[in-house]
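Below is one structure; the comments refer to it alone.
The values are calculated or read from the model by the stated rules, or taken from the named source; none is laboratory data. Computed from a predicted structure; not experimentally measured. Note that each Cβ is placed from the backbone with ideal geometry, even for glycine, and that neighbours are counted across all protein chains shown.
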Amino acid sequence: MFFSRKPPTIPAATDALAGRGEAIPTAQRHFVNDNDLHAPYPDGMETALFGMGCFWGAERIFWSTPGVHITAVGYAAGHTPNATYNEVCSGQTGHNEVVFVVYDPKVISYENLLSVFWEGHDPTQGMRQGNDHGTQYRSGIYYCSDAQRDAAKTSKAAYDASLGKQGFGGITTEILEAGPFYFAEAGHQQYLAKNPGGYCGLGGTGVACPIGTGVAV
């Protein structure tokens, strides 16, 4: 989280830390709404996975969004099974800090979650977000279905055009199929609800995302 310089490239699987076979201890219930963090989730719920910099602030954005059942922070899109926070921050696991979102599609669509994602950070910064530098702070969408993949790619193209009109560089967000999600340690879950004055380095671009709004690109 705190301003240290990290390797700018994701390590190959052969160079990553070995990790461990068992899950690291984490919280069982959501600190804000007291829902169970772990499956099974209520019928009809769907899942989404996003990386947008420091996961403390990113999670707060999503738990405040109507239609979201639970959020959890953790690690994904890397190589090391059941990595710890310190291992991820070493830059030697390949993981990104991500937010896992369980949502009710009858209340909020995936496209609207994408708008929350794009507007909640600056997706043009590569392996950093604000003062946070490192591969674990990269922008990423990790899709759980073909429909999510297609929506993510469509929204990326639309938002890239909107940002370009405002003088921003190209979007660097990776769009990948979701692999394993590893829950972060209990202390990181809903961190900014437990520590309201805690660090958050996220900042959006101020450019509205046209997806789901009917606004022409």
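Assess whether GLY179 counts as being in contact (Cβ under 8 Å) with a residue 12 or more places away in the chain, at positive phi and either assigned to a helix (DSSP H, G or I) or of a type outside the set (Asp, Glu) (or both).
No, not satisfied.
When you scan segment 105-116, do you find a residue that is touching a Lys or Arg at 6+ places or on another chain (Cβ under 9 Å) and part of a loop (DSSP other than H, G, I, E, B), even just one?
No, segment 105-116 has no match at all.
Each row is one residue, and each column tells you yes or no for (1) among the hydroxyl-bearing types (Ser, Thr, Tyr); (2) surrounded by fewer than 19 Cβ atoms within 10 Å (Cβ to Cβ).
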residue	(1), (2)
TRP118	no, no
TYR142	yes, no
ALA147	no, yes
ALA157	no, yes
PHE168	no, yes
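Taking segment 125-170, which residues are of a type in the set (Gly, Ala, Ser) and in a helix (DSSP H, G or I)? Talk me through it step by step, then tell me what you get.
Residues of segment 125-170 that are of a type in the set (Gly, Ala, Ser), as a first pass: 126, 130, 134, 139-140, 145, 147, 151-152, 155, 157-158, 161-162, 164, 167, 169-170.
Selection gives ALA147, ALA151, ALA152, SER155, ALA157, ALA158, ALA161, SER162, GLY164.
Please find, within segment 1-48, the residue that is surrounded by the most Cβ atoms within 10 Å (Cβ to Cβ) out of those that are touching a Ser or Thr at 6+ places or on another chain (Cβ under 8 Å) and at pLDDT below 95.
It comes out as LYS6.
Just give me the residues in segment 69-98 being of a type in the set (A, V, I, L, M), farther than 14 Å from GLN190 by Cα and in a strand (DSSP E or B), in sequence order.
Step one: list which residues in segment 69-98 are of a type in the set (A, V, I, L, M), which gives 70, 72-73, 76-77, 83, 88, 98.
Still in the list and also farther than 14 Å from GLN190 by Cα: 76-77, 83, 88.
Selection gives ALA76 alone.
If you check every pair at least six apart or on different chains, which have Cβ atoms under 6 Å apart with a residue in segment 123-142 that is under 18 Å from SER90 (Cβ atoms) first and a residue that is of a type in the set (S, T, N, Q) and buried (at least 23 other Cβ atoms within 10 Å of the Cβ) second?
Pairs found: MET127/THR135; GLN136/ASN96; TYR137/GLN129; ARG138/ASN96.
Among the candidates VAL107, VAL73, VAL68, VAL99, single out the residue that is hydrophobic (A, V, I, L, M, F, W, C), under 23 Å from GLN148 (Cα atoms) and touching a Ser or Thr at 6+ places or on another chain (Cβ under 7 Å).
Working: VAL107 fails: touching a Ser or Thr at 6+ places or on another chain (Cβ under 7 Å); VAL73 fails: touching a Ser or Thr at 6+ places or on another chain (Cβ under 7 Å); VAL68 fails: touching a Ser or Thr at 6+ places or on another chain (Cβ under 7 Å).
That would be VAL99, the only listed residue that is hydrophobic (A, V, I, L, M, F, W, C), under 23 Å from GLN148 (Cα atoms) and touching a Ser or Thr at 6+ places or on another chain (Cβ under 7 Å).
For segment 116-130: of the residues being over 13 Å from the mean Cα position of the chain (by Cα) and small (Gly, Ala, Ser), which is farthest from THR9 (Cα to Cα)?
Among those that are over 13 Å from the mean Cα position of the chain (by Cα) and small (Gly, Ala, Ser), it is GLY130.
Do the conditions hold for GLY130, that is, is it on the phi > 0 side of the Ramachandran plot and at pLDDT below 95?
yes
Would you confirm, using the coordinates I've provided, whether PHE62 is within 10 Å of the chain's Cα centre (by Cα), under 19 Å from PRO180 (Cβ atoms) and of a type in the set (Phe, Trp, Tyr)?
No; evaluated as a whole, the condition is false for this residue.
Cβ-Cβ under 9 Å, sequence separation 6+ or interchain: first residue in segment 7-30 and of a type in the set (Ser, Thr, Tyr), partner in a loop (DSSP other than H, G, I, E, B) and surrounded by fewer than 18 Cβ atoms within 10 Å (Cβ to Cβ). Which pairs?
Pairs that qualify, where the first residue is of a type in the set (Ser, Thr, Tyr) and the partner is in a loop (DSSP other than H, G, I, E, B) and surrounded by fewer than 18 Cβ atoms within 10 Å (Cβ to Cβ), are THR26/HIS38; THR26/GLU185.
So ASP122 passes all but one of these: (1) surrounded by 21 or more Cβ atoms within 10 Å (Cβ to Cβ); (2) assigned to a helix (DSSP H, G or I). Which condition number does it fail?
Of the numbered conditions (1) surrounded by 21 or more Cβ atoms within 10 Å (Cβ to Cβ); (2) assigned to a helix (DSSP H, G or I), the odd one out for ASP122 is (2).
Looking at ALA147, is it hydrophobic (A, V, I, L, M, F, W, C), touching an Asp or Glu at 6+ places or on another chain (Cβ under 7 Å) and more than 19 Å from THR205 (Cα to Cα)? Explain how you work it out, then say what you get.
Working: hydrophobic (A, V, I, L, M, F, W, C): yes; touching an Asp or Glu at 6+ places or on another chain (Cβ under 7 Å): no; more than 19 Å from THR205 (Cα to Cα): yes.
Judged against the criteria, ALA147 is not a match.
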